[in-house]
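The values are calculated or read from the model by the stated rules, or taken from the named source; none is laboratory data. Everything quoted here is computed from the prediction, not taken from an experiment. Cβ sites come from the backbone with ideal geometry, for glycine too, and all protein chains shown count toward neighbours.
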Amino acid sequence: MFSQHKQIVERAWTDRSMLADAAVKATIREVVEAVDKGQLRTAEPLNLENSEWQVNEWVKKAIIMYFPIQEMRTMRSGELEWYDKMELKHDYEKLGVRVVPHAVARYGAYIAPGAILMPSYVNIGAYVDSGTMVDTWATVGSCAQIGKHVHLSGGVGIGGVLEPVQAAPVIIEDNCFIGSRAIVVEGAHICREAVLGSNTVITGSTHIIDVTGDEPKEYRGYVPARSVVVPGTYTKKFPAGEYGVSCALIIGHRKESTDKKTSLNDALRDFGVSV
């Protein structure tokens, strides 16, 4: 359906002089409109059972090239004023999305029907699926992919990525619970039904250590399905001595048979950890 759009975007990416052409500008805007409506995604699941995803680099390229073809303008709301080139989302009632003041989502971010935005921020290229709550002061960065029935608790920071175009965005799969002030950045991948405790930090290089077995098992930038994760430390030697370095600990796993709506709030308490 978008094969011709892809060809034009790829040509314009290598020859930026094409951005002066009205037809090329129209094509880029059509791609961003499709992303806004959820018809295109910067990354999409190939097999959710195996947590396999594909990054659509050409869509990210279109979003990047959308910036230079937009004009800066003044935007006002009463006494408040902004100066930017990006539109905001509108018509939430028609979209079936509950939006609490002062939530902000940029045009080019898809918010599915049934999602709830508390006072929060969702950037261009992001995808927020149905039944998900983006809680107070949480942020969803550019191109981040948030699944169904996810709870991003207060102050959660989901990082964004546009460049390099081949870089994977942050992915939070269905039914995850991300605790208050947790941070997930640098293309980290949180698989379905996982629970991150408050203040847990997951980056592309964070040591994520499964301590539930007889021997520790380590992951980087990837939290397996149904994992229950809390902040931790490990000891590392430096020239000046040994010091504790931050990591994330997998302390348990949610049972598949557990009711998700109940366990989202109770999973950490089951392991003696506060949400």
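Looking at this structure, is I111 surrounded by fewer than 24 Cβ atoms within 10 Å (Cβ to Cβ), out of contact with any Gly (no Cβ under 8 Å at 6 or more places or on another chain) and under 23 Å from S77 (Cβ atoms)?
No; evaluated as a whole, the condition is false for this residue.
Every residue, every condition in (1) in contact with a helix residue (DSSP H, G or I) (Cβ under 6 Å, 6 or more places away or on another chain); (2) within 16 Å of V165 (Cα to Cα); (3) hydrophobic (A, V, I, L, M, F, W, C); (4) in contact (Cβ under 8 Å) with a residue 12 or more places away in the chain, yes or no:
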position	(1), (2), (3), (4)
K6	yes, yes, no, yes
W13	yes, yes, yes, yes
K37	no, no, no, yes
T42	yes, yes, no, yes
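Please count how many residues of the stretch 124-152 are assigned to a loop (DSSP other than H, G, I, E, B) and either surrounded by 21 or more Cβ atoms within 10 Å (Cβ to Cβ) or hydrophobic (A, V, I, L, M, F, W, C) (or both). If you could, list the steps in order and put the result at the bottom.
As a first pass, look at the stretch 124-152 and keep what is assigned to a loop (DSSP other than H, G, I, E, B): 124-126, 129-132, 135-138, 141-144, 147-150.
Pick out the ones that are also either surrounded by 21 or more Cβ atoms within 10 Å (Cβ to Cβ) or hydrophobic (A, V, I, L, M, F, W, C) (or both) and you get 124-126, 129, 132, 137-138, 141-144, 147, 150.
Number satisfying all stated conditions: 13.
For the list (1) modelled with pLDDT of 95 or more; (2) out of contact with any Pro (no Cβ under 6 Å at 6 or more places or on another chain); (3) farther than 24 Å from V59 by Cβ, I need the number of the one condition that T136 fails.
The single condition T136 does not satisfy is (2).
Might you let me know whether the stretch 39-54 holds any residue that is among the polar types (S, T, N, Q), at pLDDT 95 or above and surrounded by 18 or more Cβ atoms within 10 Å (Cβ to Cβ)?
Yes, because at least one residue in the stretch 39-54 is among the polar types (S, T, N, Q), at pLDDT 95 or above and surrounded by 18 or more Cβ atoms within 10 Å (Cβ to Cβ).
For I183, indicate whether it is buried (at least 24 other Cβ atoms within 10 Å of the Cβ) and closer than 20 Å to G141 by Cβ. It would help to see each step written out before you state the result.
Details: buried (at least 24 other Cβ atoms within 10 Å of the Cβ): no; closer than 20 Å to G141 by Cβ: yes.
For I183, the condition - buried (at least 24 other Cβ atoms within 10 Å of the Cβ) and closer than 20 Å to G141 by Cβ - is not met.
Answer yes or no: is there a residue in the stretch 173-192 that is touching a strand residue (DSSP E or B) at 6+ places or on another chain (Cβ under 8 Å), farther than 23 Å from G154 by Cβ and of a type in the set (D, E, K, R).
no
I want to confirm something. Restricting to the stretch 175-226 and keeping residues that are among the charged types (D, E, K, R), touching a residue at least 40 places away in the same chain (Cβ under 8 Å) and part of a loop (DSSP other than H, G, I, E, B), which single residue is nearest to G160 (Cα to Cα)?
Among those residues, the one meeting the criterion is R192.
Please verify whether the stretch 228-241 includes one or more residues that are at pLDDT below 65 and under 23 Å from the mean Cα position of the chain (by Cα).
No, that holds for no residue.
May I ask you to list pairs of residues, at least six apart or on different chains, whose Cβ atoms are under 7 Å apart, with the first in the stretch 236-250 being hydroxyl-bearing (S, T, Y) and the second being surrounded by fewer than 14 Cβ atoms within 10 Å (Cβ to Cβ)?
Final answer for the pair search is Y243/K236; S246/T233.
Within the bounds of the stretch 53-70, is there any residue that is among the hydrophobic types (A, V, I, L, M, F, W, C), more than 17 Å from S142 (Cα to Cα) and without any contact (Cβ under 8 Å) to a residue 40 or more places away in the chain?
Checked against the condition, which is being among the hydrophobic types (A, V, I, L, M, F, W, C), more than 17 Å from S142 (Cα to Cα) and without any contact (Cβ under 8 Å) to a residue 40 or more places away in the chain, the stretch 53-70 yields no hits at all.
Residues in the stretch 1-25 that are among the small types (G, A, S) and under 16 Å from K60 (Cα atoms): how many?
Looking only at that region, the number is 2.
Report every pair of residues separated by at least 6 positions or lying on different chains whose Cβ atoms are under 9 Å apart, first residue within the stretch 77-99 and touching a residue at least 40 places away in the same chain (Cβ under 8 Å), second small (G, A, S) and part of a helix (DSSP H, G or I).
Partner pairs satisfying both residue conditions: none exist.
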